[in-house]
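One structure is given here, and the rest of the page talks about it.
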Amino acid sequence: MEHLLRTVRAFDGVLELAPAEGSAFPEIAWGDHFFYYAPDGRVPRREQPYATCVTKDYPGDTRSGLDAPDRSRLNIRVGRAEFTALTGEDPRAEPLPRDHTATDTLLPHPVYRARGWVAITNPGERTTATAVRLLRAAHEAAAERAHRRDGGRR
């Protein structure tokens, strides 16, 4: 996962929030990573991160078994069309049964699939190249949204 984090950190205009123990962020977020397109260094007001790396189960999001040792999950906003291309499913359709504990496997996000998110628990050899491509595309899409919101001023 560290290789993927370093890759995203190198994107132009990226802002990484990585709440640490004792920070002002909620304890549940400590140890996780949230990526935004924000060349001014400020978290966008009306924009969610385009990618996250979570290291533990969250309330309502426990199917990946992230509380087990040495598990983390990369989550990427890919949008409806790419979600369908990757999974063969409409993100808003009833989810198919999945083993969300599977590792190094691209899957619909267990909670945010309807919003066009995919997830990879413990990315590895099979999924790293795809993850990098999707992270780059998600970053570029976030930059384009920011550009449109700012009326082309960036």
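The values are calculated or read from the model by the stated rules, or taken from the named source; none is laboratory data. The model shown is predicted, which means the values in this text are computed figures rather than measured ones. Because the Cβ atoms are built from the backbone with ideal geometry, glycine has one as well, and the counts that use them run over all protein chains shown.
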message = Take the conditions surrounded by 14 or more Cβ atoms within 10 Å (Cβ to Cβ) and without any contact (Cβ under 8 Å) to a residue 40 or more places away in the chain and apply them to Ala119. Does it pass?
response = no
task = For Ala114, indicate whether it is under 25 Å from Phe11 (Cα atoms) and without any contact (Cβ under 8 Å) to a residue 24 or more places away in the chain.
result = no
note = Matching residues in segment 119-154 (at pLDDT 95 or above, small (Gly, Ala, Ser) and not in a loop (DSSP other than H, G, I, E, B)) number 8
ask   = Residues in segment 1-35 that are aliphatic (A, V, I, L, M) and under 15 Å from the mean Cα position of the chain (by Cα): how many?
value = 9
remark   = Inside segment 123-138, the number of residues satisfying the requirement of being in contact (Cβ under 8 Å) with a residue 24 or more places away in the chain and buried (at least 18 other Cβ atoms within 10 Å of the Cβ) is 5
task = Could you tell me whether Leu66 is at pLDDT 95 or above, closer than 24 Å to His3 by Cβ and in contact with a Cys (Cβ under 8 Å, 6 or more places away or on another chain)?
result = no
ask   = Does Ala51 satisfy the criteria of being among the hydrophobic types (A, V, I, L, M, F, W, C), closer than 17 Å to Pro123 by Cα, out of contact with any Cys (no Cβ under 9 Å at 6 or more places or on another chain) and loosely packed, with under 13 Cβ neighbours inside 10 Å?
value = no
Among the residues listed as Asp32, Asp57, Asp61, the single one being touching a Gly at 6+ places or on another chain (Cβ under 8 Å) and charged (D, E, K, R) = Asp57
ask   = Can you find a residue in segment 65-73 that is buried (at least 16 other Cβ atoms within 10 Å of the Cβ), of a type in the set (S, T, N, Q) and under 17 Å from Arg136 (Cβ atoms)?
value = no
